[in-house]
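What follows is a short report on a single structure.
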Amino acid sequence: MIRSKRKWSNRGTVLLFLLPALVIYGLYNVYGIIMTFYFSTLDWPGMGPYQKAAGVGLTNYFKLFSDKEFWHAASNNLLLVIVSVVVQLGLGMILALIINSKIKGIKLLRTIYFMPMLLSTVATGILWQLMLHPYNGLINNVLRALGIHNPPAWLGTESTVMFALLFVVCWQYTPQYMILLRAGMTGIPEEVYEAATIDGASKWQQFWSMTLPLLSGTLKTSAVLSIVGSLKYFDLFWIMTGGGPNGYSELMATYMYKKAFNQEQMGYASSVAGSMFLISMVVVFIFMRVTRRRDEGKGGRLNENC
Amino acid sequence: MKIVKRAALYAVALFFMVLFGFPFVVTLIMSFKNQQEYMTGNYWGLPQKLYFGNFARVLEADFIIYFRNSIIVSICAVIIIILVASMAGYAFAKLKFAANRPLFLLFLVGMMIPVHTTLIPIYQLTRSFGLTNSLPGLIGPYISFGLPISVYIITNFFEEVPASVQESALIDGASPFRIYWNIMLPLSKPAISTVCIYCFLTCWNEFIYALTIISSNANKTLPLGIREFFGAETVNIPSVLTAILIGSLPVMLFYFFAQERVVNGLSAGAVKG
Amino acid sequence: MRKFKKMAALLMAGMMILSANGCSGNGAGNDEEESAVTKEEGGNKLQLWHIQTAENRKKVIEEGVKEFSEKYGVEVEITVLENDPFKTKLRTAMGSGDAPDVFHSWGGGWLKAFADEGLVVDITEDIEVWKDQLNEAAIGMNTFDGKVYGSPYMTALTPLYYNKAIFEEHGLEVPTTWAEMETVCETLKKNGIIPFALANSTKWPGAQHFVMLSMRIGGADIFQKAISGEISFEDETFIKAGDMLRNMVDDGWFPEGANALNWDTGDSRQMFYAGQCAMILQTSGFISTCLSENEEFYNNNLALASYPAIEGGKGEITDMLAGENAFSVSADSDNVEMSIKLVEFLSTSKTVQQGFADAGAIGARTDLNVSTKPLQQGMDQLSNATYLQNFIDQTLSPELAEKHKDTCQALLGKTMTSEEAAKEMQKLYESIE
C-alpha cells in the first residue's frame, strides 16, 4: 500500500463526489416514492387535497392481492420481460456484430438500424397501429396480396394482440441494445482477436469464448435495464391498445394509470405502483445474486490509509 | 465458401435494414399526402398530388420553438446527469467508506420507480419551487429519471478499471479529484456515451411530465407540440407523421455524421492491458 | 484546485444559462401568446382550458376570445388539449391550486365529482341572466341538487349516420324498426358491406350501442332508474340488450377486431368513407369532423337517421342519447366575476355560437342559422326529441362509468355473457352507492 504524503479529509472527498447525486435523488426520487407509498395508504380519488383523505392502512394492498386483473397484468409483464431479454438482447447482439463488421454501407446501416429508437413512442404507436389495421393496414394488405385470405385483426383479437405488441416493442428497443453492446465491443482491443486468429481460432470460437465473456458486464447491464424497463413498461401498450381488448394486454403500469386517472382511485393506484416497485426490487436482486460479480471487480478502492 | 458467407451477411443486413427502415419510408410518403386524400382511401400508395401543406402547417406551428425547448431540456439534463452520475460512480467504485454498499443499493432501487405515480407529488414539489411552466422545472425530474441507471452503468464501468491505474496516479501525488477528472472520465467514454444516448432519448420523447408541468406555448417540448395535431375526435394523420418526421430528422442527421467521432471516442477509451 | 474552480465555473455558467432560458421562456410566452391585446387598466389574465382541438372549432373559440378580450379588457390565455391529457392535467392542477379560471366540462358525474369537492363555482344566480337563450336540458346536465355549476356551449346527440349513396344503390330504406334493420343488414352483408363501422378501443363508441338498445327495450329512463336504485343493473332489459349486442357481433354487423380500432385516428371513419361500412352510430361531433375531413362525402353521402325502435320495447325512436359541453369556473380563480362573464360569453355570443354552427357543431343557443343538410338534420332530431338522456359515461360516477365501458367492450369481444356483465355492474354499484 503506497502512502501518499498528502492527507485530505476522506469524508469530505466522499461527500463532494456524492452530494449532487444525493441531493437530486433525495429530492425527486426518494420523496416521490415515499409519497407514493403514503398515498397508497389513503382512500383518495386523486382530486382535491390529499390531506383530507381517509387513511386506510394496508387495505389497498389486501384488495390488490385478490385482484385478478392486476395479476393478469403482472403475468403480461413477466412475458414482456422474458421476450425483451431474449429478443432485444439476442437480436441486438446480432445487429451489433453486423455493424461492427467490415461491410459496405456501414454508416448507412448504423443510422437506419438506429432509427426506431429516434421515433417517439407516440409516433411508433400511431404508425404501427395504422399499419396493423385489420382492413386497411399495410400489413394485412400485403398478406392478402400474398394470398392469405383472412388475416387476423392483430390488435383486436386476444390470440394475436400480445404477439403484435411484443413485436412492436422489440422493434423499437432492439436498436438501443445494439448500441449498448456495440459500445461494449469497441472496448475489446483488436490485438485480442488477432492473437486468437493466429492461434487458429475460428470466428465462431472467437465469438463464444472471447467476445461473449468479455461482454458479460455489458450484457448484465443490458439485462438489468431490460428487466426493469419491462416491469415498468407503459407507453406502447397504452397507446396501441390501452390495455385492451378488455384488459387482455394490460400491464401493471397501464392498470395503475387507469385506476389513477380514469377511475378516480389514486390511493389504490398508488398501491399498484408500490407493488410494482417491490416486485422490481425482488426480481432485480434475485438477478444480481444469480450473476454475482460485484465484489470480484478488479478495481480497488481507496480507503483512509491511502 | 467465403462468398456464401459474405452473401449471407449482406442478406441478413439487408433484411434488417428493410425491417427497421420501412416505417420511415411510409412516413415520408405519408407526409406528402393531404388528410382528405388519406381519408378517402389512399392510405399507403404514393400521393396522387404532392402536397406540401403538412410541412407548412408543421413549421407554422411554432415547431422551431418546441424543437429548441426539447434540445435545451435534453442536453442540459444529459450534461448534468453525466457530471453528477460519474462523480457518484467514482465514489462508489473507487472510494472506500462505510455507507458505500447501502447507498449504492439505494440508488439502484431508484431505477424501479414507475414514473407515472410520482407525477402528482413531483408536480406539487415543482410548484413549491415556483418552477411550474418553466424549462428548469422540467429538467429536474428528467435528471432524476436518468440518474439511477446512469449511476449504475458508470459505477459498473469504473469498477472494471484496474486498481493499478489509480495506484500509479497516487504515486504521482494526485488527489482523488484529479484522478477522477483527468483519468477516470476520459477512460469511461463508452459508459458515458451509453448514458448519453439513453438519457437523451428518454428526455427527448418524454410526454407526461412535460404535459403536466408545462402550460404555455413558448415552453412546450416536441412531444407536446406533436400532440397539437391531435384532435379530440380526429387526428390529422399526415400532419402528425410529418411533425414526427421533422422532429426526428435533425437527430438522425446528427447521428449519421457524428458516428465517426463517437466510434473513435469509444475505441480510444479502450482499456489497455 | 484549478480544475475544481473550472468545474465550479462551468456549473455556474450552466445554471445561469438554465435560468436565463427559464426566464426567457416565460417572457417569450407572454409576448407570443396574446395577439394585439394591451390594456390600460391592469389586465387580469384569465386561463381558459378546453378540448376543441379540431382546427375549425379551435378557431371559433380563439376568435370569440379575442372579441371578449377587446370588449372587457381582459387577457385570456388558452390551452387546448384532447381528452386524456386534458383530464390528467386538470386533475393535477386542481389538486394543487393551479386550476385554470375557466375550464371545459362534460357535466354529469364527472363535473359533480369536482363540485362535491368544492372545486367549482356555483353559478345558479348568475346564469339566471342568460339561461333562457340556451337549451334547457343542457343546463340541466350541469345542475346538481338544484345548483348550476356550468354553462353549456355545445350540445351533442347520437344520431345513426348512414351512407345514402349506398342505400340508394341497393334500394334500401332507412330502417325504423328492428325488423327493418335486420333486412337492411342482410342485404348489406350479401353485397360484401359491413353494416356498422365501429372503432371501440376507447370503449365508448361500442357502449353507445348497448345504451341505445337498452333505452329502446326498457324505455328512455331505464338508466336513470338504475342509477337511483329503482331497478337493478341486472334488470332483464340490460340482459336482453347485452344478448342483442352479442348477436350483432355473431351476425357480422361490426368489423372484425373492432375492439382494437381507434376512433380518434379515424380507423372506423376510414371504412365508412370508403364504403366498406354503411352506417355508424356516433355523436354529433362527427358532423363537424366529416366536414373537415372529407367534404365530398359530407355533401354527397352523409345522412342522419335515428336508432330504430325495437318491437315490444318501451322506448321511442325519438328518445335521444345526448350530452353537452359546458364551461365551468374553478373555485380557485382569482377573478371569479370575469370568469363568469367569459363563460356567459362563450355560451351566448353570436360569434362563438354561430361559428360553431358553421363548423358543423351544434351550439347551445336555440336559435341558430344552419346552412348544411346534415347539421340541420341533427338539430331537428335534437329539438324533436321526446327524451334526452345524458351520455351514460358522463352520468355515471367515474368508477361505474369505467365498469360500464369495460363490460360493453367485453360483450363486443364476446368474452363476457350479458348476465356476467350485468352482475359486475350491479356488484360495483352496490359497493359504492
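Each of B:VAL251, C:VAL336 was scored by other Cβ atoms within 10 Å of its Cβ. Listed from fewest to most, they are C:VAL336, B:VAL251.
When the charge dipole of the protein assembly as shown is built from unit charges on Cβ atoms (+1 for Lys and Arg, -1 for Asp and Glu) and taken about the Cα centre, the candidate among B:LEU222, B:ILE208, A:GLY184 whose Cα reaches farthest toward its positive end is A:GLY184.
Shape call for the stretch C:67-147 from the C-alpha gyration tensor, a ≥ b ≥ c root eigenvalues: rounded (a/c under 1.5), prolate (a/b greater than b/c) or oblate? The shape class here is oblate. Taking amide H atoms as placed 1.01 Å from N in the peptide plane, the amide H of C:THR79 lies under 5 Å from those of C:LEU48, C:TRP49, C:HIS50, each 5 or more residues away in sequence or on another chain.
Once the Cβ-Cβ distance between B:ILE75 and B:SER128 is put in as r, and R0 is 35 Å, what FRET efficiency do you end up with, to the nearest 0.05? It comes out at approximately 0.85. In chain B, the DSSP-assigned H stretches of four residues or longer account for a calculated mean residue ellipticity at 222 nm of -23500 deg cm²/dmol, using -39500 (n - 2.57) per stretch and the full residue count as denominator. For the stretch C:43-81, the residues whose amide N sits under 17 Å from a probe point set 7 Å from the Cα of C:LEU368 along the beta carbon direction are C:51-65.
Dipole magnitude for the protein assembly as shown: computed about the Cα centre from +1 point charges on Lys and Arg Cβ and -1 point charges on Asp and Glu Cβ, it is near 6780 debye. With the simple spin-label model, which puts each label point 7 Å out from Cα in the Cβ direction, the B:PHE22 to C:ALA179 separation comes to 5.2 nm.
Counting only other chains, what is the mean number of Cβ atoms within 10 angstrom of the Cβ of each residue in peptide B:131-139?
4
Using only the alpha-carbon atoms, how far is helix B:189-205 inclined from the longest principal axis of chain B? Give it as 0 to 90 degrees, nearest 10. Orientation of helix B:189-205: about 40 degrees from the principal axis. Once you have a ≥ b ≥ c as the square roots of the Cα gyration tensor eigenvalues for chain A, tell me rounded if a/c is under 1.5, and otherwise prolate or oblate according to whether a/b is larger than b/c. The shape class here is oblate. Enumerate the residues in the stretch C:382-407 having an amide nitrogen under 15 Å from the point lying 7 Å beyond the Cα of C:THR318 toward its Cβ. Residues C:382-389 qualify, since their backbone N sits under 15 Å from the label point. Cβ-Cβ distance of C:GLU311 and A:ILE148, R₀ of 56 Å, FRET efficiency by 1/(1 + (r/R0)^6): the value works out to about 0.85. With neighbour counts taken as other beta-carbon atoms within 10 Å, the residues C:TRP178, B:TRP204 rank, fewest first, as C:TRP178, B:TRP204. Working from label points 7 Å from Cα in the Cα-to-Cβ sense, the A:ASP199 to A:GLU69 distance is 5.9 nm.
What number, in percent, do you get for the relative contact order of the stretch B:62-228 if the mean sequence gap of Cα pairs under 8 Å and at least 6 apart is divided by its residue count? Each step should come with its number before you reach the end.
On the way: 153 pairs, mean separation 76.2, N = 167.
Here the relative contact order equals 46 percent.
Taking R0 as 56 Å, what FRET efficiency do you get between C:LYS427 and C:LYS189 from their Cβ-Cβ distance, rounded to the nearest 0.05? Computed FRET efficiency for C:LYS427 and C:LYS189: 0.90. Quick check on chain C: helices-only [θ] at 222 nm, where DSSP H runs of length 4 and up contribute -39,500 (n - 2.57) each and the sum goes over total residues. Nearest 500, please. That comes out to -16000 deg cm²/dmol.
Note on C:ASN300 and A:TRP208: the model spin-label points, each 7 Å out from Cα along the C-beta direction, lie 6.6 nm apart.
Remark: A:TYR255, A:TYR61 ranked as A:TYR61, A:TYR255, counting other beta-carbon atoms within 10 Å and listing the fewest first. The angle between the Cα long axis of helix B:100-110 and the main principal axis of chain B comes to about 10°, on a 0 to 90 degree scale. The lysines whose alpha-carbon is closer than 19 Å to the alpha-carbon of C:LYS350, local same-chain residues fewer than 8 away aside, are C:LYS58, C:LYS59, C:LYS66, C:LYS71, C:LYS131, C:LYS341. Under 19 Å of direct C-alpha separation, and excluding same-chain neighbours fewer than eight residues apart, A:LYS102 reaches these aspartates and glutamates: A:GLU190, A:GLU191, A:GLU194, B:GLU260. Under 5 Å between amide hydrogens, built in the peptide plane, is the criterion, and for C:PHE144 it picks out C:TYR149 among residues at least 5 positions away or on other chains.
Across the stretch B:91-122, the residues whose backbone nitrogen lies under 17 Å from the label position 7 Å along the beta-carbon direction of A:LEU16 are B:91-97.
Considering only DSSP states other than H, G, I, E and B, which trypsin sites (Lys or Arg not before Pro) in the stretch A:1-106 qualify as loop sites with at most 14 other Cβ atoms within 10 Å? Qualifying residues, ordered by number: A:ARG3, A:LYS5, A:ARG6, A:LYS7, A:LYS102, A:LYS104.
Every number here is computed from the coordinates shown, using simple stated rules; none is lab data. This structure is a prediction, so every number in the text was calculated from the model and none was measured. With ideal geometry, Cβ positions are generated from the backbone for all residues, glycine too; neighbour counts draw on all protein chains shown.
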